[in-house]
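Colleague: Okay, handing you the structure first.
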There are 2 protein chains.
Amino acid sequence: MKIKYELLKNDNNARYGILHTNHGNFETPMFMPVGTLATVKTMTPEQVKECGSAVILSNTYHLWLRPGEDIINKAGGLHKFMNYDGPILTDSGGFQVFSLARTKDITEEGVKFKSHIDGSSLFLTPELSIQIQNKLDSDIAMSFDECIPYPADYGYAKASTERTIRWAKRGIEAFNNENQSLFGIVQGGEYTDLREYSAKETVKLNFDGYSIGGTSVGEDKETMYKMIDDAIKFLPENKPRYLMGVGEPIDIIEGVIRGIDMFDCVLPTRIARHGNAFTRHGKINIKNSKYKEEFTPIEEKCDCYTCQHYTKAYIRHLIICGESLGGTLLSIHNIRFLIKLTEDLREAIKNDCLLEFKEQFINNYLKK
Amino acid sequence: MKIKYELLKNDNNARYGILHTNHGNFETPMFMPVGTLATVKTMTPEQVKECGSAVILSNTYHLWLRPGEDIINKAGGLHKFMNYDGPILTDSGGFQVFSLARTKDITEEGVKFKSHIDGSSLFLTPELSIQIQNKLDSDIAMSFDECIPYPADYGYAKASTERTIRWAKRGIEAFNNENQSLFGIVQGGEYTDLREYSAKETVKLNFDGYSIGGTSVGEDKETMYKMIDDAIKFLPENKPRYLMGVGEPIDIIEGVIRGIDMFDCVLPTRIARHGNAFTRHGKINIKNSKYKEEFTPIEEKCDCYTCQHYTKAYIRHLIICGESLGGTLLSIHNIRFLIKLTEDLREAIKNDCLLEFKEQFINNYLKK
């Protein structure tokens, strides 16, 4: 069965809905934690679920290299392999080609680049990306795209955007997994007309959902929001919309206001391992000596496992000593923070007070 | 309240009993996982408890350096600091002086050595070790001793053993925590007469329990077992006996046969982080390529969380990718393995079949 999106309520462009999947039904907007290598770093699946997570994301490129899609397929698919019974989305590898490969050779056929692990030559095509994802058997697969750098000159962006559409068609041709859904990716860089072109052409291909790609690649926030605006108005109401790689709280709010339903980002777990925690009053670094004797939770009113049981002084001690439990505890808090934010955003949409919520949140968040 | 040991049944020298503590009552023989820096590495306290653990051990030397005993004291003691509501034993720091300090200057007053973290000069005395432990507020504190290297010449061993007795007396004088128990440590190196001397003199000081120290310092197994034999016959029946730093399954069995009630070791968690797992058929290294497509648990009949939910192929993938969940899953399995072993040993004592159990276990364990 394919996923199905049910729109329950709008607040202007913002949407409150339900995503029906083969692994449960979950409310949107949602934040999806990232489990790059079939594990949300430092956490058990139970800990991930206790944060209120629904869909998690895993990376096709990384799983292709290690352990290889055939092993995961033989294990019975990614869910069984990693013991996660909630829905899983796999990306296409396009972003990793962009972010990890130092040199790459992009042709019509696909992308030649070198493995970030051992430098061996790799060749990823739209067909191969889909075949790998079919074998991983995630709930949602992503179309293979080129993530355009920012800034990019118009000529390059146009050629790349057109090629991504051709790649999308080839991916659909290659697709073969009736229990898996496939999302298209809107590219187009920072150019309004290319975003419109990409959105319209991608929608013509009738994907199960649409994502806006090419964000979080170095552009300023206003440009990112414009990229969303330029694309989202051409996306159908009855399909979910996913903003890739975005996890800053304020960006999530701005995305939701514009009509985004799904977000993913490594941010909450990555900053956790370096001792950083989200709070309603901005990010803090727990290594700061002022927390040495602070025997209070990261946030008094937070309902996460970490805040229910541990103090800043203890977590600081763990992080300073390089104890991995410190990263676990902060990851739990940070993921819960972003998921709680999406819960609050859903409430705000239901109560038609999204802009008030935004103002209040940002006032708190930016006022240290 | 002090801990109390209740002997319920003997099978020759082996003992089945109950240890009553301020944080619950637990059966012995028991294996105590080690939480060096107020965390059993890579695990939450709940995960530690799900392994069936009772007492856990934490290291005075390490906590003295980071975060410092005053911070833990202000947090309300070690239990509150680390969110572990079961009993905690702290060692004295003597073993870390032996194992971590490259140079040390041992005088009657105490030991001068350099911090393993920043090389700064440290001076640990019997009084200071006890004062730190009083502040940590563990359930069981250990007397400060010198851990004699192996081999050691008789003259040195004798002088050191006598000094450790004098240090034990000074520790008792300094001791000031009515909710904490204090264990004496029998030293004496590999010398039968010194073990007898040390045991008898230590017992005269009327500790709440007794440990046999100076083992696991490079001696062969027969020597270790002789060290136990030479000491344990002089220890009182009504107090618990603790063999320090021993966690090899066969050594635990041999210790229990000789009348030991408590064991601790970093082994299960340390080898876990390097990809090693205990099984009934000996240790395995999960990184071995033969496990690449083994979609079965580490041990089919193991009741641990890891074996209930994860395959060797998945854990191998995690360890090879350096994902800390791999260490967590193997630590859970290994700790559960040793605790299950002590459960089996208790059953064997109750059923008067300890030697049969030993034979069967060793036959399996050494036959790959």
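Colleague: Could you identify the single residue in B:ILE132, B:ILE71 that is touching a helix residue (DSSP H, G or I) at 6+ places or on another chain (Cβ under 8 Å) and either within 14 Å of chain A (Cβ to nearest Cβ) or farther than 21 Å from B:MET244 by Cα (or both)?
Modeller: Of B:ILE132, B:ILE71, the one residue that is touching a helix residue (DSSP H, G or I) at 6+ places or on another chain (Cβ under 8 Å) and either within 14 Å of chain A (Cβ to nearest Cβ) or farther than 21 Å from B:MET244 by Cα (or both) is B:ILE71.
Colleague: Moving on to the next point. Any idea which of B:LYS49, B:LYS2, B:LYS41, B:LYS104 is within 18 Å of the chain's Cα centre (by Cα) and open to solvent by 60 Å² or more (accessible area, probe 1.4 Å)?
Modeller: B:LYS49
Colleague: State yes or no: is B:ASP208 within 18 Å of the chain's Cα centre (by Cα) and open to solvent by 10 Å² or more (accessible area, probe 1.4 Å)?
Modeller: It is true that B:ASP208 is within 18 Å of the chain's Cα centre (by Cα) and open to solvent by 10 Å² or more (accessible area, probe 1.4 Å).
Colleague: I'd like the residue in the range B:54-68 that is in contact (Cβ under 8 Å) with a residue 60 or more places away in the chain and open to solvent by less than 10 Å² (accessible area, probe 1.4 Å) and, out of all such residues, is nearest to the other protein chains (Cβ to nearest Cβ).
Modeller: B:LEU63
Colleague: Further, regarding this structure: Can you name the number of the only condition in (1) under 25 Å from the mean Cα position of the chain (by Cα); (2) over 25 Å from B:GLN47 (Cβ atoms) that B:SER289 fails?
Modeller: Exception for B:SER289: condition (1).
Colleague: Consider A:CYS307 carefully, then state whether it is touching a helix residue (DSSP H, G or I) at 6+ places or on another chain (Cβ under 8 Å), in a helix (DSSP H, G or I) and touching a residue at least 24 places away in the same chain (Cβ under 8 Å).
Modeller: yes
Colleague: Kindly check whether there is at least one residue in the range B:323-330 that is of a type in the set (Gly, Ala, Ser), under 30 Å from B:PHE183 (Cα atoms), modelled with pLDDT of 95 or more and assigned to a helix (DSSP H, G or I).
Modeller: There is no residue in the range B:323-330 that is of a type in the set (Gly, Ala, Ser), under 30 Å from B:PHE183 (Cα atoms), modelled with pLDDT of 95 or more and assigned to a helix (DSSP H, G or I).
Colleague: Go through the residues of the range B:10-33 one by one and say whether even a single one is surrounded by 19 or more Cβ atoms within 10 Å (Cβ to Cβ) and within 14 Å of chain A (Cβ to nearest Cβ).
Modeller: Within the range B:10-33, one or more residues are surrounded by 19 or more Cβ atoms within 10 Å (Cβ to Cβ) and within 14 Å of chain A (Cβ to nearest Cβ).
Colleague: Here is a further query. I need a count of the residues in the range B:109-129 that are open to solvent by less than 80 Å² (accessible area, probe 1.4 Å) and either under 18 Å from B:GLN187 (Cα atoms) or small (Gly, Ala, Ser) (or both).
Modeller: Adding up the residues that qualify gives 8.
Colleague: Would you be able to tell me the number of residues in the range A:262-304 that are at negative phi, among the small types (Gly, Ala, Ser) and either open to solvent by 30 Å² or more (accessible area, probe 1.4 Å) or in a loop (DSSP other than H, G, I, E, B) (or both)?
Modeller: Qualifying residue count, the range A:262-304: 1.
Colleague: So which of B:ILE332, B:ILE271 ends up being facing chain A (nearest Cβ under 10 Å) and under 25 Å from B:ILE362 (Cα atoms)?
Modeller: B:ILE332
Colleague: So, one more: Please give the number of the condition B:ARG195 fails out of (1) part of a helix (DSSP H, G or I); (2) open to solvent by 40 Å² or more (accessible area, probe 1.4 Å); (3) touching a residue at least 24 places away in the same chain (Cβ under 8 Å).
Modeller: (2)
Colleague: If we scan the range B:310-328, do we find a residue that is more than 30 Å from A:TRP64 (Cβ to Cβ), of a type in the set (Phe, Trp, Tyr), open to solvent by less than 50 Å² (accessible area, probe 1.4 Å) and out of contact with any Asp or Glu (no Cβ under 7 Å at 6 or more places or on another chain)?
Modeller: No; the residues of the range B:310-328 include none that is more than 30 Å from A:TRP64 (Cβ to Cβ), of a type in the set (Phe, Trp, Tyr), open to solvent by less than 50 Å² (accessible area, probe 1.4 Å) and out of contact with any Asp or Glu (no Cβ under 7 Å at 6 or more places or on another chain).
Colleague: Are any of the residues in the range B:285-294 without any contact (Cβ under 8 Å) to a residue 40 or more places away in the chain and among the hydrophobic types (A, V, I, L, M, F, W, C)?
Modeller: No, the range B:285-294 has no match at all.
Colleague: Here is a follow-up. Within the range A:307-329, can you find the residues that are farther than 18 Å from B:ARG273 by Cβ, touching a Leu at 6+ places or on another chain (Cβ under 9 Å) and facing another protein chain (nearest Cβ under 7 Å)?
Modeller: Passing the criteria: A:HIS309, A:TYR310, A:TYR314, A:HIS317.
Colleague: Which condition from (1) within 14 Å of chain A (Cβ to nearest Cβ); (2) surrounded by 21 or more Cβ atoms within 10 Å (Cβ to Cβ) is the one that B:ILE88 breaks?
Modeller: Here B:ILE88 meets the rest and fails (1).
Colleague: Could you check the range B:333-368 and list, in sequence order, the residues that are of a type in the set (D, E, K, R) and in contact with a Gly (Cβ under 6 Å, 6 or more places away or on another chain)?
Modeller: B:LYS368
Colleague: Hey, another quick one. For A:SER138, indicate whether it is away from chain B (no Cβ under 14 Å), touching a residue at least 60 places away in the same chain (Cβ under 8 Å), part of a loop (DSSP other than H, G, I, E, B) and open to solvent by less than 20 Å² (accessible area, probe 1.4 Å).
Modeller: Against the criterion (away from chain B (no Cβ under 14 Å), touching a residue at least 60 places away in the same chain (Cβ under 8 Å), part of a loop (DSSP other than H, G, I, E, B) and open to solvent by less than 20 Å² (accessible area, probe 1.4 Å)), A:SER138 qualifies.
Colleague: Let me ask something else. Out of all the residues in the range B:178-192, which are under 22 Å from the mean Cα position of the chain (by Cα) and assigned to a loop (DSSP other than H, G, I, E, B)?
Modeller: The answer is B:ASN179, B:GLN180, B:GLN187, B:GLY188, B:GLY189, B:GLU190.
Colleague: Could you please find all residues in the range B:274-297 being away from chain A (no Cβ under 14 Å) and among the hydrophobic types (A, V, I, L, M, F, W, C)?
Modeller: Within the range B:274-297, B:ALA277, B:PHE278, B:ILE284 qualify.
Colleague: Turning to a different aspect of this structure: Are any of the residues in the range B:340-352 within 24 Å of the chain's Cα centre (by Cα) and within 13 Å of chain A (Cβ to nearest Cβ)?
Modeller: No, the conditions are met nowhere in the range B:340-352.
The values are calculated or read from the model by the stated rules, or taken from the named source; none is laboratory data. None of the values given here were measured: they were computed from a predicted structure. Cβ: placed from backbone, ideal geometry, glycine included. Neighbour counts: every protein chain shown. Just so you know, the surface numbers come from the protein's heavy atoms only, side chains and all, with ligands and any DNA or RNA stripped out. Shrake-Rupley method; radii C 1.70, N 1.55, O 1.52, S 1.80 Å.
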